[in-house]
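Novice: Here it is, the structure in full.
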Amino acid sequence: QVQLVESGGGLVQAGGSLRLSCAASGIPFNIAAMNWYRQAPGKQRELVAGITSGGSTNYADSVKGRFTISRDNAKATLYLQMNSLKPEDTAVYYCHVPRPLRDYWGQGTQVTVSP
C-alpha cells in the first residue's frame, strides 16, 4: 500500500521560509521520480518542482531561485525548502509520485503566506 504523508505547512509572513516534507512508503523510493504540486483556491493544480531518481531537478518559473526540491533516499523522504515566500505562494501543497500503472498523491499540506 502506497502512502505519501506531507508535513511542514503552516502560516508564515511574506519573506519567511518553510520546509515541507513528504514521507513515502510502499514504493521503490530510490528509483522513483517525485514532484511537488500546489493548488490555490479557485485555481488549477500546478507543478511546482520535480526531481528524478538521479537528482536532476526542475522548477516552475514562479519559484525558481526561491524553492529547492531535494530527496533523502535513505529516509524515503522528499523535501521542498521554500524561501522568500510570497502571498501568491499560498496554496495546498501535494507530494506526487508518477508510477507506470497510476499516479499517487499525498493528502496535502496548507501553506499560507500573509502580506
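The values are calculated or read from the model by the stated rules, or taken from the named source; none is laboratory data. Computed from a prediction, not measured in an experiment: that's the story for all the values here. Reconstructed Cβ throughout: ideal geometry from the backbone, glycine too, with neighbour counts over all protein chains shown. Keep in mind that these areas ignore ligands, DNA and RNA; they rest on the heavy atoms of the full protein, side chains included. Shrake-Rupley method; radii C 1.70, N 1.55, O 1.52, S 1.80 Å.
Novice: Charges only on Cβ, +1 for Lys and Arg, -1 for Asp and Glu: so what's the dipole of the chain about the Cα centre, in debye to the nearest 20?
Specialist: Rounded to the nearest 20 debye, it is 80 debye.
Novice: In addition: Over the alpha-carbon set of the chain, work out the extent along each principal axis and list the three values in angstrom, largest first.
Specialist: Sorted from largest, the Cα extents of the chain read 40, 26, 22 Å.
Novice: In a Gaussian network model over the chain where Cα atoms closer than 10 Å are linked, find which of Leu47, Leu11, Leu101 has the largest mean-square fluctuation.
Specialist: Of the options given, Leu101 has the highest mean-square fluctuation.
Novice: Now for a different question. Top mean-square fluctuation among Ala32, Ala24, Ala49, Gaussian network model of the chain, C-alpha springs under 10 Å?
Specialist: It is Ala32.
Novice: Here's a follow-up. Give me the accessible area of Lys43, 1.4 Å probe, in Å² rounded to the nearest 10.
Specialist: 140
Novice: Quantify, in whole percent, the carbon and sulfur part of the accessible surface of the stretch 18-81 (1.4 Å probe; protein heavy atoms only).
Specialist: 47
Novice: Among all the lysines, which ones have a C-alpha under 25 Å from Lys64's C-alpha, if same-chain residues fewer than 8 places away are not counted?
Specialist: Filter leaves Lys43, Lys86.
Novice: Roll a 1.4 Å probe over the protein chains and send me the accessible area per residue for the chain in Å². Mind showing how you got there, number by number?
Specialist: Details: 5990 Å² over 115 residues.
Heavy-atom SASA per residue in the chain reads 52 Å².
Novice: Here is a follow-up. Rg to Rh ratio, the stretch 1-69, alpha-carbon atoms and Kirkwood radius?
Specialist: Rg divided by Rh gives 0.97.
Novice: At 1.4 Å probe size, with no ligands or nucleic acids counted, give the accessible surface of Ile69 in Å², nearest ten.
Specialist: 10
Novice: Could you tell me the ratio Rg/Rh of the stretch 35-93? Both radii from Cα atoms, Rh via Kirkwood.
Specialist: We get a ratio of 0.98 for the stretch 35-93.
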